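A quick write-up on the structure given underneath.
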Amino acid sequence: MTAKRIVVIGSLLAMAGCGREASLKPAPGHALPVKPLMARTTPTPEQLLTAPAYARPERVDELVKRSQPRQSDPFDLPPPAGGMAPSLPAGADPTSNQMGQSTPK
């Protein structure tokens, strides 16, 4: 029973140490990153860890307030019947190509 208590108390102490926070500092022998070219001052560690606004854009949810029928689309046409290629304009020669030259028969 005492061994069980020692294990429980030890695990509680170990978990209590996990929640400790400390201020951020560069590793010994290293300095903070150099100042960016267009910045006025060298950013602090907190500024470096803060995500800019464009990294986490706000979500815009456009909810439908009321149900409305969809408007008809004049360009939503059915495919041509029979799956045939479109016909040539009137007066066009079917044996000539686009450069005006005749194709061999």
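Here's the yes/no breakdown for (1) at pLDDT below 85; (2) exposed (fewer than 10 other Cβ atoms within 10 Å of the Cβ):
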residue: Ser11; (1), (2): yes, no
residue: Ala14; (1), (2): yes, yes
residue: Gly17; (1), (2): yes, yes
residue: Arg20; (1), (2): yes, yes
residue: Ala31; (1), (2): yes, yes
residue: Val34; (1), (2): yes, yes
residue: Leu37; (1), (2): no, yes
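A search for C-beta distances below 6 Å between a residue of the stretch 44-61 that is closer than 17 Å to Ala31 by Cβ and any residue that is at pLDDT below 85 and open to solvent by 90 Å² or more (accessible area, probe 1.4 Å), counting only pairs 6+ apart in sequence or on different chains, returns Pro45/Leu24. Which residues, taken from the stretch 42-56, are farther than 25 Å from Ala22 by Cβ and open to solvent by 100 Å² or more (accessible area, probe 1.4 Å)? Correct list: Tyr54, Arg56.
The values are calculated or read from the model by the stated rules, or taken from the named source; none is laboratory data. Note that the coordinates shown come from a computational prediction; the quantities given were computed from them, not determined experimentally. Because the Cβ atoms are built from the backbone with ideal geometry, glycine has one as well, and the counts that use them run over all protein chains shown. These area figures cover heavy atoms from the full protein model, side chains too; ligands, DNA and RNA do not enter into them. Shrake-Rupley method; radii C 1.70, N 1.55, O 1.52, S 1.80 Å.
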